[in-house]
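A short reminder: the numbers here are calculations on the coordinates, not readings from a lab. Because the structure is a prediction, the values reported are computed rather than measured. All Cβ positions, even for glycine, are placed from backbone atoms using ideal geometry, and neighbour counts span all protein chains on display.
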Amino acid sequence: AQSVTQLDSQVPVFEEAPVELRCNYSSSVSVYLFWYVQYPNQGLQLLLKYLSGSTLVKGINGFEAEFNKSQTSFHLRKPSVHISDTAEYFCAVMRAGKSTFGDGTTLTVKP
Amino acid sequence: GAVVSQHPSRVICKSGTSVKIECRSLDFQATTMFWYRQFPKQSLMLMATSNEGSKATYEQGVEKDKFLINHASLTLSTLTVTSAHPEDSSFYICSARDKAGGTDTQYFGPGTRLTVL
């Protein structure tokens, strides 16, 4: 079975500052890794995914993530955040089509 | 990216009634769809896996007779909450699995807010 740990439940940052949202996973087999964003009362929107290949993955809205197999991590980063990035972010692993989600990280961008 | 729709987006019903939620993949075929439930300030909890043309697979603790799932076509899955009670009030989200072109990604619907009075 796989599991996902998002190390920070809340991350407050100021506008235009860099941000990193941390995600660690555990799995005995290879998995696919995803980051999703959820705005209030909406579904999940895919930010980026790692299936194979380059360990640095670029996604939408200026986000990127790096897959680190030795540390079993998939941290999400953005060099300069905007107010509009305020949302809930979920890290997920998928194996055989079934996804397991972390508990989420609330990113709050302050002016 | 691919688009998944849900209908209705919001529903309020009386206790004891049944509510049907539709999930559609609009621009791809999905042999597998998933139904999740999300409580406020919490993560998504998988309720069941819906496979086209066969019975759904329910997660442990989910009552299959209460949450009826039908996946009648490659683009439509429905979740029916039977004899709904206030504790069934929640945000229900579906996703559809896209395996075309060597990719393997879930695309999520916008969710349905169910309130049972």
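The distance separating the Cα centre of region A:88-108 from that of region B:39-105 comes to 17 Å. Just checking the listed ones, B:101, B:16, B:53: in the Gaussian network model of chain B with Cα springs under 10 Å, the one fluctuating most is B:101. Taking loop as defined by DSSP and a crowding limit of 12 other beta carbons within 10 Å, which GluC sites (Glu not before Pro) in region A:9-111 fit? Sparse-neighbourhood loop GluC sites (Glu not before Pro): A:16.
Around residue B:91, with a cut-off of 13 angstrom between Cβ atoms, what is the net charge of the other residues, counting Lys and Arg +1 and Asp and Glu -1? Counting the neighbours of residue B:91, the net charge comes to +2.
Comparing A:40, A:79, A:12 in a Gaussian network model of chain A (Cα springs below 10 Å), the most mobile by mean-square fluctuation is A:40.
Partner lysines whose Cα lies under 26 Å from the Cα of residue B:14, excluding those fewer than 8 positions away in the same chain, are identified as B:41, B:64, B:66.
One decimal place: the segment residue A:54-residue A:71 gains 4.5 nm when fully extended, by the rule 0.36 nm per residue minus the C-alpha distance.
The Rg/Rh ratio of region B:32-76, with Rg taken over Cα atoms and Rh as the Kirkwood radius over Cα pairs, comes to 1.00. Given q = 0.23 Å⁻¹, what are the Debye log10 I(q)/I(0) values for chain B, with equal point scatterers placed on the Cα positions and solvent ignored? Result of the Debye calculation: -1.36. Taking the convex hull of the alpha carbon positions in chain A and averaging its projected area over all directions gives 6.6 nm². Counting other Cβ atoms within 10 Å, keep those with at most 11, restrict to DSSP loop, and tell me which trypsin sites (Lys or Arg not before Pro) in region A:1-108 are left. In loop regions of region A:1-108 (DSSP not H, G, I, E or B), the sparsely surrounded trypsin sites (Lys or Arg not before Pro) are A:69.
Per residue, the convex hull spanned by the Cα atoms of the protein assembly as shown amounts to 122 cubic angstrom.
For region A:14-111, the number of Lys pairs separated by eight or more positions or lying on different chains, with C-alpha atoms closer than 25 Å, is 11.
Seen through its C-alpha gyration tensor, with square-root eigenvalues sorted a ≥ b ≥ c, region A:51-96 comes out prolate because a/c lies at 1.5 or above while a/b is bigger than b/c. Radius of gyration (Cα atoms) of region B:1-42, expressed as a multiple of 2.2 N^0.38 Å: 1.44. Looking at region B:8-117, the trypsin sites (Lys or Arg not before Pro) that sit in a DSSP loop and have at most 10 other Cβ atoms within 10 Å of their own Cβ are B:14, B:41.
Highest mobility in the GNM of chain A, judged by mean-square fluctuation with C-alpha springs under 10 Å and restricted to A:29, A:19, A:37, is found for A:29.
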